[in-house]
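Where a number appears in this text, it was derived from the coordinates with a stated rule and is not lab data. Just so it is clear, the model here is predicted, and its values are computed rather than measured. Here the Cβ positions follow ideal geometry from the backbone for every residue, glycine too, while neighbour counts run over all protein chains shown.
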Amino acid sequence: MKILSFISLLLIGFLFTNCKEEKKGPSESELKAFLISKEGTFGWVTKSDSISLDFFQDGRLHIQGPDGEATMWEGKWSLQGDKLSMERPDMGKNITVTVKINGEELMLDQTVYTRYSPQ
């Protein structure tokens, strides 16, 4: 009887552990859609850097410098899962970061970006 009770407890524990719903983040397509500018916005800005990033659906990445139109680069971007790879000619290298959505904010690794919307 004790063995049967022990087996029952193991089975219940196994079922409970494996049936828990895992909280999933946004899908790759949801992340892609979030990266692309909404109407009336022009890319992403952060307080920790004077460079803005503007992601286009066709994989182009416009990178604007601190002086506006005078300094602009065109790179490329792609997304696999939550990993964003960017060709950054302004930095002279390719970088890969983790993408997260926090409300209306975009997080690239630990850097928080907000949508740029001119007043």
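The number of residues in region 42-90 being surrounded by 15 or more Cβ atoms within 10 Å (Cβ to Cβ) and among the polar types (S, T, N, Q) comes to 3. Taking the stated definitions as given, is E104 within 16 Å of the chain's Cα centre (by Cα) and of a type in the set (D, E)? Spelling it out, E104 is indeed within 16 Å of the chain's Cα centre (by Cα) and of a type in the set (D, E). Looking across region 97-119 at every residue that is charged (D, E, K, R) and touching a residue at least 12 places away in the same chain (Cβ under 8 Å), the one that is farthest from S37 (Cα to Cα) is identified as D109.
Restricting the first member to region 75-96 and to residues that are over 19 Å from I36 (Cα atoms), and the second to residues that are surrounded by 13 or more Cβ atoms within 10 Å (Cβ to Cβ) and among the hydrophobic types (A, V, I, L, M, F, W, C), the beta-carbon pairs closer than 8 Å and six or more apart or on different chains are P89/I63; P89/W73; D90/I51; D90/I63; D90/W73; N94/M86. Here is the figure for region 97-111: residues that are surrounded by fewer than 12 Cβ atoms within 10 Å (Cβ to Cβ) and more than 18 Å from S50 (Cα to Cα) total 3.
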